[in-house]
Each structure stands twice: as C-alpha cells, then as structure tokens.
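A short worksheet on the structure shown next.
The values are calculated or read from the model by the stated rules, or taken from the named source; none is laboratory data. Quick caveat: nothing in here was measured; it's all calculated off a predicted structure. Glycine gets a Cβ as well: all are built from the backbone with ideal geometry, and neighbour counts include every protein chain shown. SASA here: full protein model, heavy atoms, side chains in, ligands and nucleic acids out. Shrake-Rupley method; radii C 1.70, N 1.55, O 1.52, S 1.80 Å.
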Amino acid sequence: MKTKDIYLAGGCFWGTEHYFKQIEGVVETEVGFANGHTVNPTYKEVYTDKTGFAETVHVKYNPDVVSLQFLLQMFFKAIDPTSLNKQGHDEGTRYRTGIYYREPADLPVIEKVYAEEQKAYQQPLAVEKLPLENFYTAEDYHQDYLDKNPDGYCHLPLSLFEFARQAKEKK
C-alpha cells in the first residue's frame with residue numbers, strides 16, 4: 001500500500017489526532033511538534049511557548065482511499081480557522097493552526113482548499129501553510145491519548161469524532 005503524509009496543527013494534538021484516526025483512509029497518526037527552533041523538544045519545553053513549535057499530528061494516509069483535498073476539508077471542519085494561537089480553551093503559540101507539507105506537489109491542493117475556505121470568512125484565515133521544517137515525536141503518553149484516556153480532556157466535541165467516522169469522500 002502506498003501512503004502519503006501531511007502534518008496538521010489543529011490546537012491540542014490529543015483531539016486532533018483522535019479526529020483524524022476516525023477518517024477512512026488514514027492509516028497511521030503520530031503526535032508531535034512541528035516547525036520550531038530547538039532540537040528534540042519535550043512537551044514541557046513546548047508548553048512554555050518559547051520553542052516555536054506547534055502541537056501537530058503527522059497523518060499518514062492511503063491516497064487510493066482518501067485524497068489530500070478531502071483531509072484538508074475535514075481539517076477545516078475541526079478548527080476555528082480565524083483564531084490566532086487559540087483553539088477552544090487552549091491558548092498559546094503551540095496551539096496555532098497549520099498545514100505543513102513535505103511534498104511541493106501538495107501545495108496547489110493546499111492553496112485550493114485554503115482559498116475555498118477563505119470565501120466563508122470576512123477576516124483572513126490564521127492557518128499557516130508552510131513546508132515542514134522539522135517534526136519531533138511527542139512522548140509516548142501523548143500518542144493515542146484519547147484511546148488510552150477516553151474521558152481525557154479534549155477541546156473538540158464528541159459529535160465531531162462521529163462525524164469523522166461517517167464522512168466519506170465522494171469520488
């Protein structure tokens with residue numbers, strides 16, 4: 001099976017990861033920290049907002065099952081794209097929203113979805129769209145956090161997880 005990657009920062013990575021795990025065609029997720037300026041940061045360091053990192057989910061998907069366009073459309077359903085450095089009750093630069101890509105060929109798709117989304121808002125979107133500079137995996141206890149802690153904190157409503165499970169791309 002061939003897979004592709006995209007890195008999505010949608011606020012607290014616990015809920016963002018759990019959301020994307022529900023989508024058909026997503027084959028693997030991993031939470032971590034993207035596009036900061038220190039080496040191998042810990043959660044405790046990122047939490048200070050002094051490292052420049054965003055809590056990010058590495059989404060590995062099967063492009064024969066789900067497209068990048070559909071994943072990005074789903075991403076925008078799970079965030080407030082006009083909120084700068086804040087999602088739900090979580091505030092700080094580590095909670096900023098972003099789309100980080102490795103493949104330059106992904107940029108036209110990102111730009112298209114971003115432009116379509118922008119039409120729904122008068123204010124500019126606060127979602128970064130940048131090449132992935134770096135990504136460091138978060139500590140083990142953060143991986144699959146809401147699977148391990150079903151009653152754990154999440155800024156996303158439970159109904160959104162069910163929405164993601166039911167969502168199907170029209171091809």
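Name the single residue that is farthest from residue 34 (Cα to Cα) among those in region 118-140 being in contact (Cβ under 8 Å) with a residue 60 or more places away in the chain and in a loop (DSSP other than H, G, I, E, B). Reasoning before the result, please.
Here is the first cut: in region 118-140, the residues in contact (Cβ under 8 Å) with a residue 60 or more places away in the chain are 128, 130, 132-139.
Among the residues that remain, those that are also in a loop (DSSP other than H, G, I, E, B) are: 132-134, 138-139.
Details: 132: 7, 133: 7, 134: 6, 138: 10, 139: 14 Å.
Of everything passing the filter in region 118-140, 139 is farthest from residue 34 (Cα to Cα).
I want to confirm something. Restricting to region 114-127 and keeping residues that are open to solvent by less than 60 Å² (accessible area, probe 1.4 Å) and not aromatic (Phe, Trp, Tyr), which single residue is nearest to residue 53 (Cα to Cα)?
So the residue we want is 127.
Take the residues in region 156-166 that are part of a helix (DSSP H, G or I), out of contact with any Lys or Arg (no Cβ under 8 Å at 6 or more places or on another chain) and open to solvent by 30 Å² or more (accessible area, probe 1.4 Å); name whichever of them is nearest to residue 91 (Cα to Cα).
For region 156-166, the residue satisfying everything is 158.
Is there a residue in region 144-155 that is modelled with pLDDT under 95, within 18 Å of residue 9 (Cβ to Cβ) and open to solvent by 50 Å² or more (accessible area, probe 1.4 Å)?
Taking every residue of region 144-155 in turn, at least one turns out to be modelled with pLDDT under 95, within 18 Å of residue 9 (Cβ to Cβ) and open to solvent by 50 Å² or more (accessible area, probe 1.4 Å).
For the structure I just gave you, tell me whether residue 3 is closer than 24 Å to residue 106 by Cβ, out of contact with any Leu (no Cβ under 8 Å at 6 or more places or on another chain), open to solvent by 50 Å² or more (accessible area, probe 1.4 Å) and not aromatic (Phe, Trp, Tyr).
yes
Here is a check on your reading of the model: is residue 5 part of a loop (DSSP other than H, G, I, E, B) and either under 18 Å from residue 100 (Cβ atoms) or not hydroxyl-bearing (Ser, Thr, Tyr) (or both)?
No.
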